[in-house]
Amino acid sequence: MTIRVAVVGGGPSGSSAAEILAKAGIETYLFERKLDNAKPCGGAIPLCMVDEFDLPPEIIDRRVRKMKMISPSNIEVNIGQTLKDNEYIGMCRREVLDGFMRDRAAKLGANLINGTVYQLDIPGNDNDPYTLHYADHSNGSAQGEMKTLKVDLVIGADGANSRIAKAIDAGDYNYAIAFQERIKLPEDKMAYYEELAEMYVGNDVSPDFYAWVFPKYDHVAVGTGTMKVNKAMIKDLQAGIRQRAAKRLEGGEIIKVEAHPIPEHPRPRRVVGRVALVGDAAGTVTKSSGEGIYFAAKSARMCAEVIVETSNNGQKVPTEADLKTYLKRWDKQYGATYLVLDILQRVFYRSDATREAFVEMCADIDVQKITFDSYLYKTVVPANPLTQLKITAKTIGSLLRGNALAP
C-alpha cells in the first residue's frame, strides 16, 4: 500500500510539495484551478532558490543586479555594488515559473488535476480518509464536473484565501493587499530597467510598506502594498507611485491590472489532524520585504519531506504529531529571520522621518552586504562583532538625524 496525498493549489508551494512526494513514489494529486494563472506578485526570487529548486535560466526574465531605494523626499540610494558577478535577484512572471514547477511535478508522477476544491470532509477518527469535493475543469467548462476524491493526507497550498484553512478552522490572520499594474514601456525607457529594480518609500505610496517598479520580460510591474485594506486608499497609493516614477514611465501602456491579498503573519493553526498548510495558506510571507515565493516553496518542500520520512516512503499514514515536525523544523530554521524583519518593519516604516533614515542607512556598504547576503542566501548572516557594532551605531545615528526615535 502507499498513502494518498492531495495537494490543493498548484503554485510554487503546491508544486514543490507534489514533486517531493511523487519522487518518493507516494500517490499524489495536485489540484490547480487555473492552469494559466498569473498571480499578481513582484515575482522576485533569490539566488539560492534557482540552485535549490533547480530552476532553468529561461524562466528568469531579468537578472537584477542594481536596486534603487528612493526616499520620501526622492533621495536615491544605489544598492548593488557589493554583488559579485554571478549574483543577482531573479525576476519571473508567475505564470511561467508556476507552469514550469507544476509540469515538472506532473512529469515526476504527480496526478495533475485541473479542478477547484470546494469542500473538505473531515473524518471522525484518525484512520478514515478525508474526502475532497471538487469541480473537474478538464472538459474546458468553468462549472466543471463535480467529483470526489478520498485521501489520507491533505496539504493546503491554496493561498491567502485558503479553503483548506477554513475547513480545518486554522484561524484568521491579518493580510495586506498588493496592487500592481503591468506597464509596457517604449524601448528606451525599458532599457533603463535592464538590470535595475526600484523601491519607493513614503506615505504617498504606502503608509506601512513600500512601492516598486520591477522589470519583467517586456514590461515593468508597478505596484504598492498596504495593510490598510481600503479600495479608495489603494487607488490613491497607486496614483502616488505612478506620479513618483512618472518620468521613467512616460509613454507606457497598461497591459494588466492585478490585486492580491498577502498574509501578514502565520495562521494560529498550521497543522490540524492530517492536514498541513504551507506557503501563503500558512502565512509564510516575510515582513519588511513582503517576500513570499521562496518561503512558500521551501515550507512546502519541508512539509513533504517530513511526510516522506514519517510515512516510511508512503508505507504508513503519518499522524498529526508527525506533521507537526515540519512546523518545529520551520520555526527553528526561520523564526529569527521573521522576527528581525518584523522589527525592521515596525521601526522603519512608521513615518516619513524613519523612512528617510532607512534609505540613508541603505547607502552604507556594510548594511548593503548584510542585506543582500541575507536576501540572496536566506541566512541571517552574522556579521563580525565590529561590523555589527558599526551598523548599530549608524542605524541609531540615522534615526536620530531624522528625529525618527520620537515615539
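The table below lists the values:
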read-out: Odd one out for GLY10, checked against (1) surrounded by 20 or more Cβ atoms within 10 Å (Cβ to Cβ); (2) more than 30 Å from THR148 (Cβ to Cβ); (3) of a type outside the set (Phe, Trp, Tyr); value: (2)
read-out: Matching residues in segment 40-83 - criterion: being over 30 Å from ALA17 (Cα atoms), part of a strand (DSSP E or B), at pLDDT 90 or above and not polar (S, T, N, Q); value: LYS66, MET67, LYS68, MET69, ILE70, GLU76, VAL77
read-out: Some residue of segment 183-206 being out of contact with any Asp or Glu (no Cβ under 9 Å at 6 or more places or on another chain), within 30 Å of ARG33 (Cα to Cα) and not aliphatic (A, V, I, L, M); value: no
read-out: Residue match in segment 305-322 (condition: outside the structural domain of ILE183 (by TED's automatic domain parsing), surrounded by 21 or more Cβ atoms within 10 Å (Cβ to Cβ), among the polar types (S, T, N, Q) and under 18 Å from the mean Cα position of the chain (by Cα)); value: no
read-out: Residue check for THR28: of a type in the set (Val, Ile, Thr) and in a loop (DSSP other than H, G, I, E, B); value: no
read-out: Residue list for segment 76-114, filter: of a type in the set (Val, Ile, Thr) and in contact with a strand residue (DSSP E or B) (Cβ under 9 Å, 6 or more places away or on another chain); value: VAL77, ILE79, ILE89, ILE113
read-out: Some residue of segment 266-274 being touching a residue at least 12 places away in the same chain (Cβ under 8 Å), within 21 Å of THR28 (Cα to Cα), assigned to a strand (DSSP E or B) and β-branched (Val, Ile, Thr); value: yes
read-out: Within segment 291-407, helices (runs of 4 or more DSSP H) holding 2 or more residues that are modelled with pLDDT of 90 or more; value: 293-310, 320-348, 352-362
read-out: Candidates VAL201, VAL222 - the one that is touching a residue at least 60 places away in the same chain (Cβ under 8 Å), β-branched (Val, Ile, Thr) and within 19 Å of SER289 (Cβ to Cβ); value: VAL201
read-out: Residues that are among the small types (Gly, Ala, Ser) and assigned to a loop (DSSP other than H, G, I, E, B), drawn from segment 280-290; value: GLY283, SER288, SER289, GLY290
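The values are calculated or read from the model by the stated rules, or taken from the named source; none is laboratory data. What you see is a predicted model; the values in this text were computed from it and never measured. Ideal geometry is used to build each Cβ from the backbone, glycine not excepted, and the neighbour counts take in all protein chains shown.
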